[in-house]
Amino acid sequence: MGVLVEGEWKDQWYDTKSTGGRFVRWQSPYRHWITPDGSPGPTGEGGFAAEPGRYHLYVSYACPWAHRTLIMRELKGLQNMISLSVTHWLMAERGWTFDPGPGVVSDSVNGARALYEVYLADNPKASGRATTPLLWDKKQRRIVSNESADIVRMFNSAFDGVGAQPGDFYPEPLRADIDALNDHIYDTVNNGVYKAGFASTQEAYEEAARGVFATLDELEKRLDKNRYLFGDRIVETDWRLFTTLVRFDAVYHGHFKCNLRRLIDYPNLH
Ligand SMILES: N[C@@H](CCC(=O)N[C@@H](CS)C(=O)NCC(=O)O)C(=O)O
């Protein structure tokens, strides 16, 4: 685990001292959008038009945020339009690497041996965390985005005019409700498990762990009568929840100490 400081890689763990033991997630600084015609999206600059073969996605299979983008790439049939690199499962002193290992797909675009080198290919003086997922523009040789929520949305619709499979996981009439439930699930479940796992005081840990289970209890009830969170239609919120739930008993219950209950104890969520 490490961080880039003005182009130099420094091996260091998250500092939670300044935040009362609380883990505060680094906000993604790369927030451009691929759009059908290259016009600017909700944030960042324009110039990223949807073209098959132009973009490359970097993921780690361990990462629930990257997992969302992989799912949307599959659901929308973008596998042949958006190429892929997969890091080694272990994140150690050099962060995510492309060292040989099971499932690793090396970097055919930038030839990076560690993911932070891709951040440096965008800007040799880059500062910040070298996180996955990371979406790269081969044409302009720069980063489009490293925010999974945005990447999921781009994949959902930007490529519809150039051969993506049909399917809309962010339907217009539900958008406000989807946004609100996404925020709640992000804060208390997707990021909630990290806040519990990385807390360095008892108080911060308890606050986060209890929040995780309060929301799981709520969602369990919500799914009493519905197959999916918004009825019988699956939307991005279900997939965003899924990537945390699928890791819950294997990872978060033990490793992140979210252990009041297991996922298997929730019949509807399980
Ligand atoms: N907000 C980002 C978070 C991504 C993220 O934190 N990824 C983790 C892996 S699960 C990572 O790469 N961490 C490396 C680090 O923080 O140095 C997103 O949703 O895309």
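Quick look at the values:
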| item | result |
| --- | --- |
| Overall form of the stretch 172-265 per C-alpha gyration tensor (a/c, 1.5; a/b vs b/c) | prolate |
| Rounded to 5, percent antiparallel among DSSP beta bridges of the stretch 1-103 | 45 |
| GLU172-ARG261 pseudo-label distance in nm [points 7 Å out on the Cα-to-Cβ vector] | 3.9 |
| Euclidean distance between Cα centres, the stretch 1-78 to the stretch 253-270, Å | 28 |
| Separation in nanometres of the label points that stand 7 Å from Cα toward Cβ, at VAL5 and ARG25 | 2.6 |
| Pairwise FRET efficiency - ARG113 versus LYS139, Cβ, R0 = 30 Å, nearest 0.05 | 0.80 |
| Hits among lysines - C-alpha to C-alpha of LYS125 under 30 Å, sequence gap 8 or more where chains match | LYS10, LYS17, LYS138, LYS139, LYS195 |
| Most mobile listed residue (LEU78, LEU223, LEU134) in the chain, GNM with C-alpha springs under 10 Å | LEU223 |
| Cα convex hull volume per residue for the chain (Å³) | 131 |
| Rounded to 5, percent antiparallel among DSSP beta bridges of the chain | 75 |
| DSSP H segments from the chain that extend 27 Å or more along their own axis, Cα-based, with Kyte-Doolittle mean of -1.0 or above | 202-222 |
| Radius, Kirkwood style, for the stretch 2-162 when every pair of distinct Cα atoms is counted (Å) | 16.1 |
| Using a Förster distance of 22 Å, the FRET efficiency for ILE234-ALA180 (Cβ separation, nearest 0.05) | 0.80 |
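Each reported figure results from applying straightforward, stated rules to the coordinates on display, with no laboratory input. Because the structure is predicted, anything quoted here is derived from the model rather than measured. Ideal geometry is used to build each Cβ from the backbone, glycine not excepted, and the neighbour counts take in all protein chains shown.
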